[in-house]
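No value in this document is a laboratory result; all are computed from the given coordinates. Only a predicted model underlies this, so the values are computations on that prediction, with no experimental measurement involved. Virtual Cβ from ideal backbone geometry, glycine too; neighbours counted across all protein chains shown.
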Amino acid sequence: MSNQNNALVSIVVPVYNVKEYLVNCLDSIVSQTYKNIQIILVDDGSSDGSTCICKQYAKEDDRVELIYKENGGLSDARNFGIQRAKGEYITFIDSDDCVSRYYVENLLNLSQKTGCDIAITNFEKINDDKNLRLSRMGG
């Protein structure tokens, strides 16, 4: 199902010392089937090399915006990102997670089809060996 319009979707990604997970996360976001996205990376004072990875993605993809702030925690970083969001819709993705390439498309279609204010999806927890451990409805 394709969406009826080309609404901008802002994706806020708080980043704090997640170097070993960040490439997988960002690859899953930039490869979304729905392309009209604003990707806001909020560097929350990282000191492990995460900043360099973020800079590379921002350089290679004009949908990626990197903003810096002093460390204030996850909620503070999300709120900082919300302030810069330009989209009609906003979603949050944690920087140690990765999402299906249909993540934005499916949530947007669900929201537009039902007229709901909030859309949620299932999640799968995968251990470091990439083995599925848990699958359930999440929000």
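Some values worked out for this structure:
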{"quantity": "For Q38, distant residues with modelled amide H under 5 Å away", "calculated": "V9, S10, I11"}
{"quantity": "Mean Cα-pair separation over length for the chain, i.e. relative contact order, pairs under 8 Å, 6 or more apart, %", "calculated": "32"}
{"quantity": "Choice from G45, G87, G72 showing the highest fluctuation, given a GNM over the chain with Cα pairs closer than 10 Å", "calculated": "G72"}
{"quantity": "Cα-centred dipole magnitude for the chain, charges only on beta-carbon of K, R (+1) and D, E (-1), debye, nearest 20", "calculated": "360"}
{"quantity": "For the chain, calculated [θ]222 nm from helices alone, where every DSSP H run of n ≥ 4 adds -39500 (n - 2.57)", "calculated": "-10000 deg cm²/dmol"}
{"quantity": "Per-bin percent of Cα-Cα distances, the chain [10 Å]", "calculated": "12, 42, 36, 10, 0"}
